[in-house]
Amino acid sequence: MTGTGTTLTLREMRWWDLERVMELEEELFPEDAWSRGMFWSELAHARGRDATRHYVVAEDGPRLVGYAGLAVVDRTGDVQTIAAARDQWGTGLGARLLTDLLTAATAFECREVLLEVRVDNARAQRLYERFGFEPIGIRKGYYQPGNVDALVMRLADPATASVATASAATTANGGPGEPVEPTANTASTAHTANPANPATSSVQGTETHG
């Protein structure tokens, strides 16, 4: 439940959601928001037997309050984006979105899940650590503009991740934390595998808000 008293629901992102997704994207990532075309490109790979993407939206009644996406390459999941409306920060929505992505990673039979997070976003890092992510490296100047380094984090075998840990993270104080810029524009703690900057990694760069 959210503060409005309505039931929060998560469902698959579809093309008709993009207008509302873009409104939230541009509000949270004014300097390097993804374009509508980038989202279209991701959704084009999100359905069918050969799907390599999973995108979800969160709705509070008629209002879209968050979204998240996962890309999969060679059984490695990459958190592309996690975003929550500002009035949802601290409600656990970010953790709920991350839980959904890890469930999808398990369905894709991923052996690991990666993400990038700003080195100055300690709150987001704590959330990911509660889910079992561990730091494995630094990408210098990954977040532009601003030239902020990214901490690369890895979760080994999401299928065996502790359900208790995920549950605790969901009810903990806050979601991923304050906005983190998208890679060359990505979703701040999670626009991992940023389609805007494919050279950055095999599956782009994380953007996380919330």
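The values are calculated or read from the model by the stated rules, or taken from the named source; none is laboratory data. For clarity, every value in this text was computed on a predicted model and none was experimentally measured. Positions of Cβ are backbone-derived with ideal geometry, glycine not excepted, and every protein chain shown enters the neighbour counts. What goes into the accessible areas is simple: the full protein's heavy atoms, side chains included, and nothing from ligands, DNA or RNA. Shrake-Rupley method; radii C 1.70, N 1.55, O 1.52, S 1.80 Å.
Quick notes
- Positive-end residue of ALA104, ASN121, ALA51, charge dipole of the stretch 1-126 with Cβ unit charges: ALA104
- Computed with every protein chain present, the accessible area of THR106 is close to 60 Å² [probe 1.4 Å].
- Unit charges on C-beta of K, R, D, E only; dipole of the stretch 1-83, Debye: 460
- Taking all C-alpha pairs of the stretch 1-135, those more than 26 Å from each other amount to 20 percent.
- Here the accessible area of the stretch 1-88 is 51 percent carbon and sulfur, with a 1.4 angstrom probe and all protein chains present.
- The stretch 1-106, accessible area per residue, ligands and nucleic acids excluded (1.4 Å, Å²): 45
- With a Förster radius of 25 Å applied to the C-beta separation of VAL148 and MET22, the computed FRET efficiency comes to 0.55.
- Accessible heavy-atom area order of ILE138, ILE82, highest first, probe of 1.4 Å: ILE138, ILE82
- For peptides 111-119, 26-34, 8-16, sequence by mean Cβ density within 10 Å, most packed first: 111-119, 26-34, 8-16
- Spin-label model, THR160/ARG36: points 7 Å from Cα along the beta carbon direction are separated by 4.6 nm.
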